[in-house]
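Notes follow once the structure below has been shown.
The values are calculated or read from the model by the stated rules, or taken from the named source; none is laboratory data. Here the structure is a predicted model, which is why all the values come from computation and not from measurement. Note that we place each Cβ from the backbone using ideal geometry, even for glycine, and neighbour counts take in every protein chain shown. Quick note on the areas: whole protein, heavy atoms, side chains included, nothing else; ligands and nucleic acids left out. Shrake-Rupley method; radii C 1.70, N 1.55, O 1.52, S 1.80 Å.
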Amino acid sequence: GAVTAAELLAVAAAEGGKMTQSFPFFGVERTGAPVQAFCRIDDRPVRLHHNVYEPEIVIVLDASLLSVVDVCSGLKKGGTVIVNTAKKGSELGLKAEKVFTVDAGSLAEKYLGRRDRVNTLMLGSFAKVTGLVPLDALKKAIDGRFKPEVAEKNKKAIEECYNATC
């Protein structure tokens with residue numbers, strides 16, 4: 001999920017005129033361990049080819065990771081965290097200046113039939129919070145990745161996730 005989300009975000013940002021790079025990081029952990037995926041977005045060509053150690057924005061697809069991983073580790077001052085949870089940002093106790101939440105699991109269940117398919121939906125939250133990627137560019141990236149019937153469901157879910165982020 002995280003790898004696909006990073007790829008789609010890079011495609012959408014490029015569609016919006018940005019320079020991008022996305023890549024996953026798989027450690028030596030066991031299968032099922034948390035996965036990190038990175039996406040760089042810039043107005044200039046992206047020449048760095050290593051993990052992002054000081055992110056400006058962190059997206060957490062599964063709130064259960066908050067008790068396992070320090071998602072704010074290295075987060076730049078003024079950084080943003082976007083979490084898939086029904087809780088409010090103030091309830092999470094994160095060491096971040098800006099915390100946004102959205103119950104993407106409920107929306108994924110509504111549109112995709114499964115609570116754990118939140119990766120594309122969270123991109124809608126990213127678009128709203130950052131303004132870095134237009135919603136239309138995300139929808140175009142979705143069209144390029146999925147079959148039409150799946151793409152339509154995802155696009156509706158992304159839009160509702162965009163609107164529900166607080």
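Evaluate the following for Phe126: is it touching a residue at least 24 places away in the same chain (Cβ under 8 Å), over 23 Å from Phe23 (Cβ atoms) and among the aromatic types (Phe, Trp, Tyr)? No.
Residues considered: Phe38, Phe100. Of these, the only one that is open to solvent by less than 40 Å² (accessible area, probe 1.4 Å) and within 23 Å of Thr4 (Cβ to Cβ) is Phe38. Only one of the numbered conditions (1) touching a Cys at 6+ places or on another chain (Cβ under 7 Å); (2) of a type in the set (A, V, I, L, M, F, W, C); (3) over 15 Å from Leu8 (Cβ atoms) is violated by Val83, and that is (1). Scanning region 63-88 for residues that are in contact (Cβ under 8 Å) with a residue 40 or more places away in the chain and either open to solvent by 30 Å² or more (accessible area, probe 1.4 Å) or out of contact with any Asp or Glu (no Cβ under 9 Å at 6 or more places or on another chain) (or both), we see that the one that is nearest to Ala5 (Cα to Cα) is Ile82. Cβ-Cβ contacts under 6 Å between residues 6 or more apart (or on different chains), taken from a first residue in region 130-150 that is open to solvent by 30 Å² or more (accessible area, probe 1.4 Å) to a second residue that is not in a helix (DSSP H, G or I), are listed as Leu132/Ile41; Pro134/Gly16.
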